[in-house]
Structures are given as C-alpha cells and as structure tokens.
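The next block holds one structure in the form of structure tokens; read it before the comments.
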Amino acid sequence: MLRYESTSRLKPSAIRAIQQDVQAIERDWWKGALGFDAAEDDEHPTTLSGRTPLFYKSGITSGIPDPDDLFMAFADATFILGLLGAWATNHKIKWHVRMHDDDWGAVDPSGMTKPLRDQMGKWARRLKIFPSGRNEWFIPEDRRAELLSRHAARKGT
C-alpha cells in the first residue's frame, strides 16, 4: 500500500484543484486508483491524505507472477509520485510518502527527497528500469499495456 499525506494544511482551493485533477485522470490502474480521503472541512485549511493499493497477493492465490506485479506496481507508483511532484510545485506543498507503513521519504517542490529517490532506484534496478531524469523512470507503455491485457481478469483477485 502506497500512502501519501501533505505535511501541512492545504488551502481549500488547492484541495479542490487536486480533487479535480484526480477526477480527470484516465488510466487503467493495476490494483487500485490514486485516491484521497474526503476533506473534512471544505472551508478551512486541512491536510490531505490518501492511499493506493499497488500489489496483489503473491503466489498461487492471485495467479499473477511476481515480476509482472512488481513492474505494474512500480509503473503506478511512479505515475502517482509524478502527480504528487506536480502538485507540490503548483501548490507549494510537501508530501510524506510511506510504503507498507515504512517511511520512504517525501516529495516537495524540488522533487523527491534523496531517501525516496533511493527507494525508487532500488525498485527500478530490480526491474531493470532505467532513470529518464532525476525523479523519473522510463516505463515501457507497450509492456504495461500487454500486462494489463494478459491479466485482465485480475480485478477479481
């Protein structure tokens, strides 16, 4: 589970803008979509947090080979981190990022912090995915599309 939370209170206008951006996303997600908890108060500043399930249960129960699951989870994680980076820049905020309840670092207006880049870099090296920038990795969309098609029945697992 990938968790993300603003480290400070956001203005209601920033929350509305982010929620509109989320609603406009057209993506075939692997396990779960990017999602935020509903803001408690839409008239006062508040923190914004959310979570996205990235992985299926490994082994026979899901029927999805671990390398496919790892690749697709990485593709969704990099997509989400890219969005968090854009929102950090646009709204001058910082996001705290956790993976499976472990602190992975943060995304702020300058990009991913070193701990987060290091974690993502380890994951990328395991998959033999190469960086295409300081905070980006090249995700072969043809492979992503092929795995989405091959595992089309995954949503029930």
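The values are calculated or read from the model by the stated rules, or taken from the named source; none is laboratory data. Quick caveat, the model's predicted, so the values are computed rather than measured. Don't worry about glycine lacking a Cβ; one is built from the backbone with ideal geometry, like all the others, and counts go over all protein chains shown. Note: accessible area is taken over every heavy atom of the protein model, side chains too, but ligands, DNA and RNA are not part of it. Shrake-Rupley method; radii C 1.70, N 1.55, O 1.52, S 1.80 Å.
Listed by first and then second residue, the pairs linking a residue in region 58-86 that is farther than 15 Å from A33 by Cβ and of a type in the set (V, I, T) to a residue that is part of a loop (DSSP other than H, G, I, E, B) and modelled with pLDDT under 95, with Cβ atoms under 6 Å apart and 6 or more places separating them unless they lie on different chains, are I64/Y56; I64/H151. Right, T47: closer than 21 Å to E5 by Cβ, at pLDDT below 95 and among the hydroxyl-bearing types (S, T, Y) or not? When the stated conditions are applied, T47 passes them. Among the residues of region 1-24, just one is open to solvent by less than 80 Å² (accessible area, probe 1.4 Å), free of Cβ contacts under 8 Å to residues at least 40 places away in the same chain and more than 18 Å from I93 (Cβ to Cβ), namely A24. Among the residues making up region 121-150, those that are touching a strand residue (DSSP E or B) at 6+ places or on another chain (Cβ under 7 Å) and surrounded by 12 or more Cβ atoms within 10 Å (Cβ to Cβ) are A124, I129, P131, N135, W137, F138. Checking each residue in region 65-95 for being under 18 Å from V22 (Cβ atoms) and outside any helix (DSSP H, G or I) picks out I93, W95.
Report, by residue number, each residue of region 96-119 that is in contact (Cβ under 8 Å) with a residue 24 or more places away in the chain and either part of a strand (DSSP E or B) or touching a Phe, Trp or Tyr at 6+ places or on another chain (Cβ under 7 Å) (or both). Residues satisfying the conditions are H96, V97, R98, M99, A106, V107, G111, M112, L116.
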